[in-house]
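Written out below as structure tokens is the structure these notes cover.
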Amino acid sequence: MSRRPFPIPPLSSRPLRAALCLVLFAASVPAQTPEADSVRYRLAPVLVTGTTATERETPVTFTDVGRGFLTQRYSMQDVPVLLAEQPSMISFSDGGNGVGYNFIFLRGFDQRRLSIMVNGVPQNDPEDHNVYWIDFPDLLASASSVQIQRGAGSAFYGPPAIGGSINIITNPFTPKPYTRLEAMAGFQEFGDSSRPLAMTMRKLSASFSSGLVNGNTMLYGRVAKVESDGYRIHSGITMGSYFFGALRIDGAMTTRLHLFGGPIEDQLVYTGLPKFVNGDRKLRRMNLSYWEFDSARTGYGYAAPRRPQETERFNQPHYELINDWAVSEHVRLHNTLFFYDSHGWFDYDASRADAATLRVDSTYGFAPSAGFANAIVRGGVDLVQWGWLSRTEWDHESGQLTVGGEYRYHHGSHWGQIRHAEGLPANFDPDYRFYQYDGIKHMASLYVTETYRADERTTVMLNVQYAFNEYSIANERFLGHSFSVPYHFINPRVGVNVNLDERWSAYASFGYTSREPRLRNLYAAEDAYFGATPAFEADTAGGSVRYDFTRPLAKPERLLNLEAGARFRSGSAMLNANLYWMEFSDELVKSGEVDVFGNPVYGNAPRTRHIGAEVEWGVRLLPWLTAQGNAALSSNTIVDFAAVDSLSGGTVYRTSLNGNPIAGFPDLLGNLRITAERQGASLSALVKYVGPFPTDNFANASNRNDAYTVVNLEALYTLPFGVGADLTVRGEVRNLFDRLYLQNGEGEAFFPAAERNYLIGLTLTL
């Protein structure tokens, strides 16, 4: 978990100063007096971000998830679970039931390689690139749309989009006022116990919209509480949630202020289980901190249950100020300021660590103490991140020119404390920190995009991005490692869209993008107390180690991406089909090992390849009956990579993985949804198929997640009463046929999905 002191950073980097100057120049457009517009017109630009693709214009492979889908399908599951029925996407949940820590994969890439945004604001953690969806719980209740772009270089803010990008747009403001109350309860079947059905999930929420006040102001607010006991033992979570927004219209300018987030409290569950547990309804629910096979590999030789004290607390408020200004008929200026101020910790089992490992022995000035054991340690993080995103759009005679950029700053203070242990030294200070360091990152980018209309049917898009990212480690206690590593990237992309007629269009694009490694790929400083060292070239002459911090071992990933597709849309049907080819250099792939927190360990593969075909379709069969679905066929292959197999006598032995499939994603997956709607009632069935896939890169037949098919049912009925008031009743059955399946895995460790479970809910709108 990479989760602050708040010094304003010096602009010490010459490229950084230059980037900021260019962004300021791009934003300095002479003001002109705008013509008066309708309220409806002025609200529209607020919804658009610098990464939004448009059908029949933008040569990008993308899927839009609209307000109607979100309203009907969202209840209390996290974002990855809801989006997992979109093309080339799968998800999994640590706790098994889709509430808590959830993860999403797109085209074989985990969420670290996706650019995740809310209103265009980056959400990937700057240090480890991960996305902590639980930091903004219940956000989809305030979302108006989600756009998923597949392919490289599709986002110009935040980390480069290797596999694609996901942009969640929150626009909960409505012209008419309302008050909404919501209550939901989830029930889980447990085949291992005397309580066959138990309430395990609860949600209460209240929201309001002021409507349009004084012709220029709208207010919105929502508060909620979501609780889940989890499917696995001791995997519960409690999440508070809030979203407050204000929108003001001043002539041709709209300004929005958002505050959203929510404190979380959860029990740790991050260790996968051996495959043999899947068919046992008791064993598959275990929450272990460590386990080993027996000699026959059909049972446990050793298993350590997770301790009840292993919990987490975290809170990350998000502040956004978004301004859109139609400077003239042809020029628009968009600026976003954001700020996160985050604090939290997680307590975890360190019973395998002795006093020397946790730096409480005589080496560190402590009196010797016998019987040190059973430690619980706390990993803490205090984070600050803020930034400015800006872009200027100019509509000219032949198209549109967009110039934009960003500057973001991140400062994370990481520390560890001993919360409990037997045999602690006398007069031990509970605030003593056995590790502490600061992770810092400067991020800046500039981009230029030209969308050129070659003729009435053809649009050509040309864009290029310059990205600057600089990692720093500072103030490391005990070891004193300190370094800064800058990265400079140029990411170009070109594409063309041709509208063949009123229904058919086709597109093709070619992009190149690069991304820096994670900070822990350079140095896992939080793990240094048990042996992690900087991953840089080193000189050991004279018996001491001297690191060359200008020469990191982990290389940036570089990707060439070719996309081609066609789209069809009529009044009753739609079809999108596309092919992609993604050629990697130095892709960071799973080595087959995991770290102490169950995360996969990565290494650079000189060459890997992802190719595939995707199809997405929908049709209205009858006025009240629709069918929609998607399918993806892909091949994700290591072309050139030799993994470290063993070390002996100073000799490194490697195993060639050439031709092996890349771990973590199926070659075949598909979704089918049938929906019937009539007179306020809706019944929908989702069938999801996920093919088998390896969980390591070594082509080990036993390390393979088996294929599964799961069926979910959803029902809605809305009963109107009074003027503008209604009551909606919701019912869901997930895993209708009670399949026992594994969602994902890391090497020999797998994550079981929950058994059949149910949800009922009431929503009252006044």
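The values are calculated or read from the model by the stated rules, or taken from the named source; none is laboratory data. What you see is a predicted model, and the numbers here were worked out from it, not measured in a lab. Here Cβ is always computed from backbone atoms with ideal geometry, including for glycine, and neighbour counts include all displayed protein chains.
Here are the numbers for this structure:
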item	result
Condition check for residue 126: touching a Lys or Arg at 6+ places or on another chain (Cβ under 6 Å), modelled with pLDDT under 95 and either within 26 Å of residue 411 (Cα to Cα) or not acidic (Asp, Glu) (or both)	no
Tally of residues being under 16 Å from residue 361 (Cβ atoms) and part of a loop (DSSP other than H, G, I, E, B) across the range 391-437	8
From the options 636, 671, 697, 660, residue that is under 19 Å from residue 92 (Cα atoms), among the polar types (S, T, N, Q) and surrounded by 18 or more Cβ atoms within 10 Å (Cβ to Cβ)	671
Matching strands (runs of 3 or more DSSP E) fully within the range 89-196 where at least 2 residues are under 22 Å from residue 228 (Cβ atoms) and of a type in the set (D, E, K, R)	178-189
Any hit, the range 587-602, residues being out of contact with any Phe, Trp or Tyr (no Cβ under 9 Å at 6 or more places or on another chain) and modelled with pLDDT of 85 or more	no
Pair list, Cβ under 8 Å, 6 or more apart: the range 547-561 residue basic (Lys, Arg), other residue not in a strand (DSSP E or B)	555/517
Condition check for residue 108: surrounded by 23 or more Cβ atoms within 10 Å (Cβ to Cβ), modelled with pLDDT under 95 and within 22 Å of residue 709 (Cβ to Cβ)	yes
Pair list, Cβ < 6 Å and 6+ apart or interchain, from the range 166-192 residues that are surrounded by 16 or more Cβ atoms within 10 Å (Cβ to Cβ) to residues that are among the basic types (Lys, Arg)	184/203; 185/202; 189/756
Condition check for residue 301: assigned to a strand (DSSP E or B), touching an Asp or Glu at 6+ places or on another chain (Cβ under 9 Å) and crowded, with 20+ Cβ neighbours inside 10 Å	no
Subset tally (residues that are modelled with pLDDT of 95 or more and either outside any strand (DSSP E or B) or in contact with a Pro (Cβ under 7 Å, 6 or more places away or on another chain) (or both)) for the range 606-636	6
Hits in the range 685-732 (condition: among the polar types (S, T, N, Q) and more than 27 Å from the chain's Cα centre (by Cα))	700, 702, 718, 728
Residues (hydroxyl-bearing (Ser, Thr, Tyr) and either more than 14 Å from residue 529 (Cβ to Cβ) or in a loop (DSSP other than H, G, I, E, B) (or both)) located in the range 361-375	362, 369
Per-region count, the range 386-418, residues under 18 Å from residue 337 (Cα atoms), touching a Phe, Trp or Tyr at 6+ places or on another chain (Cβ under 9 Å) and among the β-branched types (Val, Ile, Thr)	1
Search result, residues across the range 473-507 that are touching a His at 6+ places or on another chain (Cβ under 9 Å) and either crowded, with 19+ Cβ neighbours inside 10 Å or among the β-branched types (Val, Ile, Thr) (or both)	473
In the range 243-264, the residues that are crowded, with 18+ Cβ neighbours inside 10 Å and in a strand (DSSP E or B)	243, 245, 247, 249, 254, 256, 258, 260, 261, 264
One residue from 314, 366, 346 being within 30 Å of residue 430 (Cα to Cα) and touching a Pro at 6+ places or on another chain (Cβ under 7 Å)	366
Residues within the range 717-759 that are surrounded by 15 or more Cβ atoms within 10 Å (Cβ to Cβ) and either of a type in the set (Lys, Arg) or touching a helix residue (DSSP H, G or I) at 6+ places or on another chain (Cβ under 6 Å) (or both), tallied	5
